[in-house]
Structures are given as C-alpha cells and as structure tokens.
Amino acid sequence: MTSPRLKGRRIAILATDGFEQSELTEPKRLLEEAGARTDVIAPGGAAQIKGWSKKDWGDSVKVDVALKDARVDDYDALVLPGGVMNPDLLRLEPAAIVLIKSFGDAGKTIAAICHGPWTLIDAGLVKDRKITSWPSLRKDLENAGAHWEDREVVCDGQLITSRKPDDIPAFAEAIVDALGGALA
C-alpha cells in the first residue's frame with residue numbers, strides 16, 4: 001500500500017547492466033511504498049538493464065529515462081545501486097559522472113550502497129566526507145580523502161551511504177528521512 005510520506009517526491013536511480021539486483025529493486029520498492037515516484041536512468045538506448053543476483057545474472061529492470069535526457073532539476077534525490085560491474089561501468093561514462101556531480105552541486109540527496117560510492121569518487125564528492133561502502137572500497141575512498149566508517153548507514157550532509165544488501169532497510173529509511181518522511 002502506498003503511503004503519502006514522499007508524495008510529490010521524484011527519485012532518480014542511476015544504473016546500468018550488472019547492478020546488484022536487490023540494491024536497485026528493494027530501495028525502489030520501499031521508496032515507492034513511501035509515495036515517491038522513481039525513475040531508472042541508464043546510459044545508451046536500452047529499454048531494460050539486467051541485474052546481477054548473487055552469483056549470476058538476475059532480472060531485467062525497465063529503463064524510464066535515458067541518461068542523455070536526465071535532468072537534475074526533475075529530481076529530489078539520486079540513488080546509486082552497487083554491484084561490481086554497474087558502478088565500474090558508470091565510472092567510464094562521462095555523462096553519468098556529470099549527472100552525479102550535478103546532484104552534488106545542487107545540494108540534493110545522493111544515496112549510494114555497496115560499490116555505488118565508487119562513482120562518488122569520480123564525481124569529486126567524497127573528500128573530507130564520512131562514507132561507508134562494501135569493505136573492498138575502503139582504501140579507494142580513503143585515498144580520495146573520505147573518512148570511511150563500518151556502519152550500516154552513514155549520513156554526511158547530502159550523502160547517504162550503506163555497505164551491503166543487509167543494510168537496505170536502514171538505507172531506504174535514511175533516504176526517506178532525508179526527504180522529509182519516515183518509514184513505518
């Protein structure tokens with residue numbers, strides 16, 4: 001059942017093939033249940049992107065907006081799912097980094113989970129910020145000037161980060177809180 005807590009809020013989810021299935025679909029579901037409208041944004045012209053589920057390819061997700069058509073002004077927040085392939089591919093996509101940096105420059109909420117914070121490095125958004133991530137990213141983030149913490153959710157200003165799929169409920173709750181609502 002949809003709740004009105006995030007009614008009128010629009011959230012961008014930037015991903016490409018290889019996103020961790022649960023790290024896109026679960027936050028999307030929870031945010032929509034809180035009343036937000038979500039749009040999956042992806043580079044290229046694909047109508048769908050394919051997830052990664054634990055050790056093999058997972059389900060496909062419909063792309064709502066092509067990256068070339070995405071505008072920061074249309075959204076209240078940006079969600080960056082993990083998976084190893086997804087952020088690694090997005091880091092090589094200049095338009096993806098420009099979009100992420102634009103959310104940062106606009107002071108809008110950016111939420112990244114697992115390997116998602118890799119893209120925050122390329123967008124220049126981690127220096128002197130408290131961040132968490134999948135543990136293997138710790139040195140990358142610290143080398144970029146972040147202060148890494150091993151907690152399920154770390155909020156530092158507009159940035160919300162989480163470590164892994166087990167953290168998704170707290171991750172989604174932090175996004176809802178940042179946008180002015182609360183999960184039941």
Just one of (1) within 16 Å of VAL40 (Cα to Cα); (2) among the hydrophobic types (A, V, I, L, M, F, W, C); (3) in contact with a His (Cβ under 9 Å, 6 or more places away or on another chain) trips up LEU137, so point out which.
(1)
How many residues are in contact with a strand residue (DSSP E or B) (Cβ under 8 Å, 6 or more places away or on another chain) and closer than 22 Å to TRP52 by Cβ if we restrict to the range 116-136?
6
If ALA111 satisfies every condition in (1) in contact with a helix residue (DSSP H, G or I) (Cβ under 8 Å, 6 or more places away or on another chain); (2) closer than 18 Å to PRO43 by Cα but one, which is the exception?
(2)
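For residues in the range 39-78 being in a strand (DSSP E or B) and open to solvent by less than 10 Å² (accessible area, probe 1.4 Å), which is nearest to VAL176 (Cα to Cα)? Lay out the reasoning, then the answer.
Narrowing the range 39-78 to residues in a strand (DSSP E or B): 39-42, 48-53, 56-62, 65-66, 77-78.
Now narrow it down to the ones that are open to solvent by less than 10 Å² (accessible area, probe 1.4 Å): 39-42, 49, 51, 77-78.
On the way: ASP39: 16, VAL40: 18, ILE41: 20, ALA42: 23, ILE49: 25, GLY51: 24, ALA77: 10, LEU78: 12 Å.
Ranking the qualifying residues of the range 39-78, first place goes to ALA77.
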For ALA36, which of the numbered conditions (1) more than 17 Å from ALA111 (Cα to Cα); (2) modelled with pLDDT of 95 or more fails to hold?
(1)
If I ask for residues that are of a type in the set (A, V, I, L, M, F, W, C) and in contact with a Ser or Thr (Cβ under 8 Å, 6 or more places away or on another chain), which ones from the range 130-154 would you list?
ILE131, LEU141, TRP148, VAL153, VAL154
Within the range 152-161, is there a residue that is at pLDDT 95 or above, under 19 Å from ILE13 (Cα atoms), in contact with a strand residue (DSSP E or B) (Cβ under 6 Å, 6 or more places away or on another chain) and open to solvent by 10 Å² or more (accessible area, probe 1.4 Å)?
yes
Being in a helix (DSSP H, G or I) and at negative phi is the requirement here; does ILE160 meet it?
no
How many residues does the range 87-124 contain that are free of Cβ contacts under 8 Å to residues at least 60 places away in the same chain, open to solvent by less than 10 Å² (accessible area, probe 1.4 Å) and assigned to a loop (DSSP other than H, G, I, E, B)?
1
Scanning the range 1-20 for residues that are at pLDDT 95 or above and charged (D, E, K, R), the one farthest from LEU80 (Cα to Cα) turns out to be ARG9
If you check GLY82 against the conditions, is it at pLDDT 95 or above, touching a His at 6+ places or on another chain (Cβ under 6 Å), closer than 21 Å to SER22 by Cβ and open to solvent by less than 10 Å² (accessible area, probe 1.4 Å)?
yes
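The values are calculated or read from the model by the stated rules, or taken from the named source; none is laboratory data. Since we're looking at a predicted model, the values are computed, not measured. So basically every Cβ, Gly included, is an ideal-geometry build from the backbone, and we count neighbours across all protein chains shown. Accessible surface areas use protein heavy atoms only, side chains included; no ligands, DNA or RNA. Shrake-Rupley method; radii C 1.70, N 1.55, O 1.52, S 1.80 Å.
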